[in-house]
Each structure stands twice: as C-alpha cells, then as structure tokens.
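S.K.: One structure, pasted below without further comment.
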Amino acid sequence: SQTIHQWPATLVQPVGSPLSLECTVEGTSNPNLYWYRQAAGRGLQLLFYSVGIGQISSEVPQNLSASRPQDRQFILSSKKLLLSDSGFYLCAWSALVLGSYNEQFFGPGTRLTVL
Amino acid sequence: GDSVTQMEGPVTLSEEAFLTINCTYTATGYPSLFWYVQYPGEGLQLLLKATKADDKGSNKGFEATYRKETTSFHLEKGSVQVSDSAVYFCALSPNAGGTSYGKLTFGQGTILTVHP
C-alpha cells in the first residue's frame, strides 16, 4: 500500500532563517506531487506541483521554492522566511489511472510558525 | 474556470442529528467529485468520491450523490457523532486526462462541531 510522509511535524523558525520541508511517498512510482499551504485552518492554496523528477510548476508567486530530486521526494524550501510564511503545509500525491488523475492522497502536514 | 462552492459554516449539531453540507460546482465536461475530511491538526483524508453522474459515494455512514442536473454533491449523514467534528472539503477533478496534471479544485471548507 502507498504511504506519504512529511517532516518535520512542527517547526518554529525566526524571520529570515532558511526552510526545508520534506515529503516522501512509498509504494507507488512516478506520482504527481503537490505542495499546499493552509492558513487559519481552512482553505487550501496550491503552491507547487510536479509531474516528474526536476519538473516543478509554481501556482503562485511567493517566497518559497520546490524541488524534486528523486521520483518520490518533494522538498519545499525558502532562503529567508517571512512572517506570512506561517501556516500548515500539506504534501499530496496522485497517480495517472486509465488516462486520468482522480483523488489526491495527503500527508500528515507540517505546522510552521515563523516568529 | 472550475469552481466549488460549499455552504458557509460553522455548522453546530447535537449528537445523533442529521447532517447536510451543501456543495455545488462549476466545471466543463464530466468531473470527478470528492469529499475530504480534516481532523484537528491532521492532513486531509478522502471520505468518499463519485466519478460519474448519479453515482453515490458512501463511507462511514456519510453519503453524497453526484447530481449533474443540479451540479451538486451534497454530503449527508443520518446521525452524527462527536467524533465527526472536523473540517469537510468538497473538491473536483476535471477528468481532463493528463492535461489537468491531477490538480483538484477545493471548496473553502465547512467546520462541523458536534456536541454531546
């Protein structure tokens, strides 16, 4: 069966410090991968998605970047955090089945607080 | 573009009450529809799905029917429990094959609180 991991689970960082959040998926090959941010415990904002190694698409301009160094690894980074980067970060994956994508499967999330 | 609209929350119910959370969508073609649930401090879990018109998704006592004529996918449960307290998200996938890249369109979420 497939599983998705995120770490760390929680993180408190000062403004201006760097960031690296990691997401890995097990039990599937060549998944599409997604990073979301959730503010105020409600709506989801898609930040990045990736359809393959080294292929990153950004959905919104921001202080963050993403990389996919391996098939099942997705990393969210920042060189200098802003207060507005605080939030709950979710990684998700989906697979192409019979020519279509359907549901996404989410990781447990990382709670980031920037002080 | 595609969009999903959920009823405004929060929704507060007593245990064993009937639950309905409305969801309507705008999309071209024949999207797949989903309900996700998020418990406090956790990621989203797929609750149920429907991939074509008139399909009924069901899981853990929750049900939703894909109504193409009304472009709706309302979530229902006959008797809620305290443990159902969570945020519920309606979402759609355009079923545009590889060109959609699997991106989902989410509603804004509905907070449900169930009291004993």
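S.K.: Working from the alpha-carbon coordinates of chain B, get Rg over Rh, Rh being the Kirkwood radius. Display every interim value, and only then the final one.
M.R.: Working: Rg = 13.9 Å, Rh = 14.3 Å.
On the Cα set of chain B, Rg over Rh gives 0.97.
S.K.: Return, ordered by residue number, the residues of region A:73-113 whose backbone nitrogen is under 13 Å from a label point located 7 Å along Cα→Cβ of A:E22.
M.R.: A:73-76
S.K.: Sticking with this one: With springs only between Cα atoms under 10 Å apart, run a GNM on chain A and tell me which of A:S78, A:S100, A:S86 wobbles the most.
M.R.: A:S100
S.K.: Still on this model: Under a straight-distance cross-link criterion of Cα-Cα below 29 Å, which lysines are reachable from B:K56, leaving out those fewer than 8 residues away in the same chain?
M.R.: Reachable lysines: B:K68, B:K77, B:K103.
S.K.: If you plug each phi of region B:72-85 into the Karplus form 6.51 cos²θ - 1.76 cosθ + 1.60 with θ = phi - 60°, what whole-Hz ³J(HN,Hα) values come out, in order, with x for Gly and Pro?
M.R.: For region B:72-85, the Karplus curve yields 10, 8, 6, 8, 9, 8, x, 8, 7, 10, 4, 5, 7, 4 Hz.
S.K.: Still on this structure, please answer the following. List the relative contact order of chain A as a percent without decimals, with contacts defined as Cα pairs under 8 Å and 6+ residues apart. Could you put the intermediate results ahead of the total?
M.R.: Numbers: 282 pairs, mean separation 40.1, N = 115.
Once normalised by length, the contact order is 35 percent.
S.K.: Right, something else. Using a 7 Å offset from the Cα along the Cα-to-Cβ direction at both B:S3 and B:R67, what is the distance between the two label points in nm, to one decimal?
M.R.: Inter-label distance under the simple model: 2.0 nm.
S.K.: Additional query: Could you give the length gained by full extension between A:Q62 and A:T10, i.e. 0.36 nm per residue of separation minus their alpha carbon distance, to one decimal place? Could you put the intermediate results ahead of the total?
M.R.: Numbers: separation 52, 0.36 × 52 = 18.72 nm, distance 2.12 nm.
So the chain would gain 16.6 nm between A:Q62 and A:T10.
S.K.: Looking at chain A, send over the antiparallel percent of its DSSP beta bridges, to the nearest 5.
M.R.: 90
S.K.: In the Gaussian network model of chain A, springs joining C-alpha atoms below 10 Å, which of A:L11, A:L47, A:L96 carries the largest mean-square fluctuation?
M.R.: A:L96
S.K.: Which residue fluctuates most in the GNM of chain A (Cα springs below 10 Å): A:S29, A:S77, A:S50?
M.R.: Of the options given, A:S29 has the highest mean-square fluctuation.
S.K.: Output the Cα-based Rg and Dmax of the protein assembly as shown in Å, rounding Rg to one decimal and Dmax to a whole number.
M.R.: Here Rg and the maximum Cα pair distance are 17.8, 52 Å.
S.K.: Averaged over all directions, how much area does the convex hull of the C-alpha atoms of region A:1-95 cover when projected, in nm²?
M.R.: Averaged projected hull area, Cα only: 6.0 nm².
Just so you know, all these numbers are worked out from the coordinates, no wet-lab data involved. Just so it is clear, the model here is predicted, and its values are computed rather than measured. When we count neighbours, we look across all protein chains shown, and the Cβ atoms used for this are built from the backbone with ideal geometry, even at glycine.
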